[in-house]
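As structure tokens, the structure follows; a few thoughts come after it.
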Amino acid sequence: MIRAILTDIEGTTSSISFVKDVLFPYSRERMMSFVAHHAADPDVAKLLHEARTLCGMELSTEAVAEQLIRWIDEDRKAPPLKALQGMIWEDGYRNGDYCGHIYEDAMRKLKEWKAQGIDLYVFSSGSVHAQKLLFGHTEYGDLTPLFSGYFDTRIGPKQEEASYRTIARQIGLPPASILFLSDIVGELDAAKSAGFLTCQLVREGTDLDPSAYNRAANFDTISISS
Ligand SMILES: CSCCC(=O)C(=O)COP(=O)(O)O
Ligand SMILES: [Mg+2]
């Protein structure tokens, strides 16, 4: 029986285009100036140090910002980049430059599942702060009360089995009672190896290759009866 649902964001609850065409450019345009203005803030300084460590060399503040911009272009899921993006996106949400995109079917079914007593969790490469901002500023209002917890890649990469074992331990449920939703096969493979139930979201005709997974075009067609 499914007792909890763990969901990905980009391509699952929310459109790929919102992340790639709205959020990423917003952070790309502001990264250089954000780093220049906040390099001395302790939280930012720690993240810049972490980015330098990942690069394996001492870099000037400007050079780290350039590296972070390259990582945005490469869609690198580096935790310090993701944390800095979250800080930049906060301004955009607060200024009303955009609101967090969530598909209507996802919003409706998440509410329905929660009302049925199923606990809901998020696992995204976006930082926990960024996840809360997205679900806290949707066109349907603040959806954060729906979720019992949030996980980002500080827990481990999304395509590694160990990350899902750790998440199941932290949720406090056996993996076989947790359904993981994602559009990415590598993530579903990792979750399945850890013993999770899985369902692949194939929105807007994204992945048409044959798949080993249960598939759903939207949240209305996800079966939670197994
Ligand atoms: C929290 S919204 C931004 C998502 C993000 O930064 C990203 O890289 C997409 O990650 P996901 O794991 O949700 O596909
Ligand atoms: Mg995804």
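The values are calculated or read from the model by the stated rules, or taken from the named source; none is laboratory data. Fair warning: this is a prediction, and the values are worked out from it, not measured in the lab. Counting neighbours? That spans all protein chains shown, and the Cβs are built from the backbone with ideal geometry, glycine included.
Structure notes:
- Some residue of the stretch 100-108 being among the basic types (K, R), in the same structural domain as L173 (by TED's automatic domain parsing) and closer than 26 Å to S223 by Cα: yes
- Of the criteria (1) farther than 22 Å from G92 by Cα; (2) surrounded by fewer than 15 Cβ atoms within 10 Å (Cβ to Cβ), which one A51 fails: (2)
- A single member of L6, L23 is away from ligand 1 (no atom under 11 Å from the Cβ), of a type outside the set (D, E, K, R), buried (at least 16 other Cβ atoms within 10 Å of the Cβ) and in contact (Cβ under 8 Å) with a residue 60 or more places away in the chain, and it is L6.
- Evaluating R94 against the criteria (1) charged (D, E, K, R); (2) surrounded by fewer than 15 Cβ atoms within 10 Å (Cβ to Cβ); (3) under 18 Å from the mean Cα position of the chain (by Cα) leaves one unmet condition, (3).
- Enumeration of residues in the stretch 1-51 that are in a helix (DSSP H, G or I), within 16 Å of ligand 2 (Cβ to nearest atom) and out of contact with any strand residue (DSSP E or B) (no Cβ under 6 Å at 6 or more places or on another chain): S17, F18, K20, D21, V22, L23, F24
- If you go through the stretch 52-61 and keep only what is among the aliphatic types (A, V, I, L, M) and not in a helix (DSSP H, G or I), you end up with M57, L59.
- Meets criteria (closer than 30 Å to F180 by Cβ and not assigned by TED's automatic domain parsing to the domain that holds V122) for F24: yes
- Only one of the numbered conditions (1) modelled with pLDDT under 95; (2) farther than 19 Å from K109 by Cβ is not met by N214, and that is (2).
- Residue, nearest to ligand 2 (Cβ to nearest atom), within the stretch 184-204, restricted to residues that are in a strand (DSSP E or B) and more than 15 Å from the chain's Cα centre (by Cα): Q200
- Of the helices (runs of 4 or more DSSP H) that lie entirely inside the stretch 66-183, those containing 1 or more residues that are free of Cβ contacts under 8 Å to residues at least 40 places away in the same chain, touching a strand residue (DSSP E or B) at 6+ places or on another chain (Cβ under 8 Å) and away from ligand 1 (no atom under 11 Å from the Cβ) span 104-115, 161-171.
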